[in-house]
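What follows is a set of notes on a single structure, which appears directly below.
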Amino acid sequence: MRYHPTAMIGETDTMNIGGEQAASSGEVGLVTLYAPDPSVVPSAVVLPDRALVLGRDPPPGAVTLPFNSVSRVHARVARRGAEIFVEDLDSRNGTFVNGHSVRKAFVEHDDEIRVGEVLFKVVGDHASRYAAHPLVGTVPPAPLEPLRGGLTMEAVRREITRTAKVDLSVVVLGETGTGKELVARALHDASGRTGRLCAVNCAAIPTALLESELFGYKRGAFTGADRDRVGIVKSAHGGTLFLDEIGDMPLEAQAKVLRMIETKHVTPLGSHIAEPVDVRIVCATHRPLQRLVREERFRADLYARISGHTIHLPPLRDRKEDLFQLTTLFLERAGGASLTLPPSFMIRLCSYDWPFNVRELDSAMKRAVSLADGGVLDEAHLPADASKDSDRPGAPRDGAQPLDEDAAGARGAPPPEETLRALLILHEGNVAAVARKLGKDRVQIHRWLKRYGLSADEFRS
């Protein structure tokens, strides 16, 4: 493989990835999501000032993609002021933007471009940072090993390393299935604390039982209490207390947890003696805690106590460059390491938004292994949601506008926040359904969600 270094720019000193604040580098570029042979394609390409050509046998100064599905000179990507556009150069197999065949299209951050069987996403800044992370991935050292992924997850791992040994409460924010419990485990394992990690799902325990589960009880405290029981908090003494889904904790229980944090004592039910406890608090939720505080659905004083540091876990759709590594990892764990991953399977997989994130991908790969025969994975082995025709690469999506140059303004202004909220409630957080209703692409809906600080997850049943 040959790709020309004129398309690459040296790494910058600052960034804004994974929640870390940084100055802009101006490095717009393409990040590889999938290629039939990842070893012969750059992980990232920074767009130069001139147009960048992609092809199987392009002229000097271009990016070479040595695959039969790619035409000799297939497409070009260029910048025009603040705008970026891609143009098909009369290729044999066409050029696609977000699943639409295009002749010429304006593209934005997170848009996906397919050239033959090679899939890229557009990044609006710090493109060269991705170049240090190969598509096949690397295994992080323990205890961060479960948190696989490239540039975005590297920022998360760095935050864990920085805060693990600090006596500081941590809130882990992220959508369902992003790996919040893995972060809590990594924080505990790296903390050096000698006690246990004890977890409690605040949404799963009824309010009436939460106090006894957390703080324990003495024999005779209530009917059926025939012996003393140590609560979860006391069990975590010297270690870490992980309060999962704390955003769903009832207000009454929040007051009792706040008192425990403030006094560092617990009083079991049926006792008048407060017992000292030493725990490090790690909380997780997919709920927008700050908004809940403003709406008086979460105690402001408790939020102030637990939010010493916040770690944001990105959704899988925002780090699709990790899909190839995660897919091969989950297949291996499910006993499918020998299965072949054809381009059609991976392209379909990359075109899906994975609303339930890494957990959903893991389950999908277990299912694929159980259904596969003949040693080759097929699109039919994916769950129905991931293999719908409306999400097929190259198939027009319902109600979507063509992304050609003449229709570049078709994206239009975002709807009012109230309208977007109403649609999310109506469709129970189904972004694809909202996109069809508005006649927009799912990528655009996600941009609007980000603009308004909304999460589709909070509208799901």
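The values are calculated or read from the model by the stated rules, or taken from the named source; none is laboratory data. Owing to the predicted nature of the structure, the values given are computational and were not obtained by experimental measurement. Don't worry about glycine lacking a Cβ; one is built from the backbone with ideal geometry, like all the others, and counts go over all protein chains shown.
For the reader, a short list of remarks on this structure follows.
- Test for residue 258: is it surrounded by fewer than 16 Cβ atoms within 10 Å (Cβ to Cβ), of a type in the set (A, V, I, L, M) and closer than 19 Å to residue 289 by Cβ: no
- Among residues of the range 225-247 that are under 27 Å from residue 299 (Cα atoms), those with a beta-carbon under 6 Å from a residue that is of a type in the set (Lys, Arg) and in a loop (DSSP other than H, G, I, E, B) at least six positions away or on a different chain give the pairs 236/196; 239/193; 239/196; 247/287.
- In the range 91-107, the residues that are under 15 Å from residue 121 (Cβ atoms) and buried (at least 18 other Cβ atoms within 10 Å of the Cβ) reach residues that are among the basic types (Lys, Arg) and at pLDDT 95 or above with C-beta atoms within less than 6 angstrom, at least six apart or across chains, in these pairs: 96/114.
- Criterion (in contact with a Pro (Cβ under 8 Å, 6 or more places away or on another chain), surrounded by fewer than 16 Cβ atoms within 10 Å (Cβ to Cβ) and under 25 Å from residue 171 (Cα atoms)) met by exactly one of 194, 207: 207
- Evaluation of residue 369 against the conditions (1) modelled with pLDDT of 90 or more; (2) part of a loop (DSSP other than H, G, I, E, B); (3) farther than 19 Å from residue 320 by Cα shows that the sole unmet condition is (2).
- Residue in the range 119-133 that is surrounded by 23 or more Cβ atoms within 10 Å (Cβ to Cβ), more than 25 Å from residue 192 (Cβ to Cβ), of a type in the set (Val, Ile, Thr) and more than 20 Å from the chain's Cα centre (by Cα) present: no
- Of the set (1) loosely packed, with under 15 Cβ neighbours inside 10 Å; (2) under 30 Å from residue 369 (Cβ atoms); (3) touching a Gly at 6+ places or on another chain (Cβ under 9 Å), all apply to residue 324 but (1).
- Among the residues making up the range 425-454, those that are among the small types (Gly, Ala, Ser), assigned to a helix (DSSP H, G or I) and more than 14 Å from residue 415 (Cβ to Cβ) are 432, 433.
- Answer from 325, 290 - the residue that is farther than 17 Å from residue 176 by Cα, within 21 Å of the chain's Cα centre (by Cα) and assigned by TED's automatic domain parsing to the domain that holds residue 255: 290
- Selection within the range 40-57: residues that are at pLDDT 95 or above and either farther than 26 Å from residue 81 by Cβ or of a type outside the set (A, V, I, L, M, F, W, C) (or both). The member of this set that is surrounded by the most Cβ atoms within 10 Å (Cβ to Cβ) is 42.
- Any hit, the range 257-279, residues being under 23 Å from residue 180 (Cα atoms) and not hydrophobic (A, V, I, L, M, F, W, C): yes
- Here residue 251 meets the list (1) touching a helix residue (DSSP H, G or I) at 6+ places or on another chain (Cβ under 8 Å); (2) in contact (Cβ under 8 Å) with a residue 40 or more places away in the chain; (3) of a type in the set (A, V, I, L, M, F, W, C) almost entirely, failing just condition (1).
- Flag for residue 335 being in a loop (DSSP other than H, G, I, E, B), closer than 21 Å to residue 146 by Cβ and not assigned by TED's automatic domain parsing to the domain that holds residue 31: yes
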